[in-house]
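Peer 1: My questions all concern the structure below.
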Amino acid sequence: MKSLVPPGVYAPQEDTALLAGALLEEPVPRGADVLDVGTGSGALAVAAARRGSRVTAVDVSWRAVCATRLNALRAGVPVRVRHGNLFDPVRGRMFDLILANPPYVPAPAGRGLPRGPARAWDAGDDGRLVLDRICREAPALLRPGGVLLLVQSALSDPELTLGGLRTAGMKAAVTRRRRIAFGPVLRDREPWLRQRGLLPAAENEEELVVVRAELPV
Ligand SMILES: C[S@@+](CC[C@H](N)C(=O)[O-])C[C@H]1O[C@@H](n2cnc3c(N)ncnc32)[C@H](O)[C@@H]1O
């Protein structure tokens, strides 16, 4: 059954599909505690719940929270959905798996803090506004042996993600890559990205990567 995506909520796209593929490959035991942070329409949360995981989904957008509640109901799976900023609603809880498709598109500084639907993709001058917080804060929410699966663009420096997670004691690697055509946001921002040196002159596609990081047992 296709997810309902109300206006203003991020419709599942190539990044969602890339992360969903990584989730399918992950050996998650039934009953595992899974967190989907930045859940949008809840596509990944519902996919995890269908595999028998106990899923909590968080989003800063009330519309996304409502959409995820509705989509979980329609799919007939239990998903605990919380409104809030990143990990704030789940402080004190521990997870076996964290899924994250956060905002990761570099945005000109003049735009200020991301607002409205752009909160789903805009992530500051270097695209790392939320990624850096995930690298710093996610490891403390994982049980020993726990895994973080995260998708981002090559434009927002996956090496920094790997470095941050390794510094936090995790074993981290890029496990999936997919090249895609520029969407409307990148097409609109292309001259600025090139001027800023984030997009080489010869590059006409965006590369998405999945980072998998595991905490030692
Ligand atoms: C790229 S969308 C991904 C949606 C969905 N997980 C998917 O893969 O289709 C990013 C989502 O993160 C949410 N988000 C952005 N900043 C957030 C924050 N600080 N805390 C929680 N959610 C946030 C946005 O509202 C949006 O729903």
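The values are calculated or read from the model by the stated rules, or taken from the named source; none is laboratory data. All of these numbers come straight from a predicted model, not from anything done at the bench. Every residue, glycine as well, gets a Cβ built from its backbone with ideal geometry; the counts of neighbours run over all protein chains shown. Side chains included, ligands, DNA and RNA excluded: accessible areas come from the protein's heavy atoms. Shrake-Rupley method; radii C 1.70, N 1.55, O 1.52, S 1.80 Å.
Peer 1: Can you pull the one-decimal nm distance between simple spin-label points at E25 and R194, each 7 Å off the Cα toward Cβ?
Peer 2: 3.3 nm
Peer 1: Please list, by residue number, everything in region 90-106 whose backbone N is under 18 Å from a paramagnetic label point 7 Å out along Cα→Cβ of T175.
Peer 2: Under 18 Å, as judged by backbone N against the label point of T175, lie 95-102 of region 90-106.
Peer 1: So what is the relative contact order for the chain, in percent, with contacts set as C-alpha pairs under 8 Å and at least six apart?
Peer 2: Reported as a whole number, the value is 19 percent.
Peer 1: Whenever you get a sec, compute what percent of the accessible area on the chain sits on carbon and sulfur atoms (1.4 Å probe).
Peer 2: Using a 1.4 Å probe with all protein chains present, the chain comes out at 55 percent carbon and sulfur.
Peer 1: A further question follows. How big is the dipole moment of the chain about its Cα centre under a simple scheme where the beta carbon of each Lys and Arg is +1, that of each Asp and Glu is -1, and everything else is neutral? Debye, nearest 20, please.
Peer 2: 720 debye
Peer 1: Taking trypsin sites (Lys or Arg not before Pro) that fall in a DSSP loop and have at most 10 other Cβ atoms within 10 Å as cut points, what is the longest piece of the chain between them?
Peer 2: 116-217
Peer 1: Provide the per residue accessible area, probe 1.4 Å, for region 19-214, rounded to a whole number of square angstrom.
Peer 2: 45 Å²
Peer 1: Alpha carbon centre of region 187-217 versus region 134-177: separation in Å?
Peer 2: Region 187-217 and region 134-177 have Cα centres separated by 16 Å.
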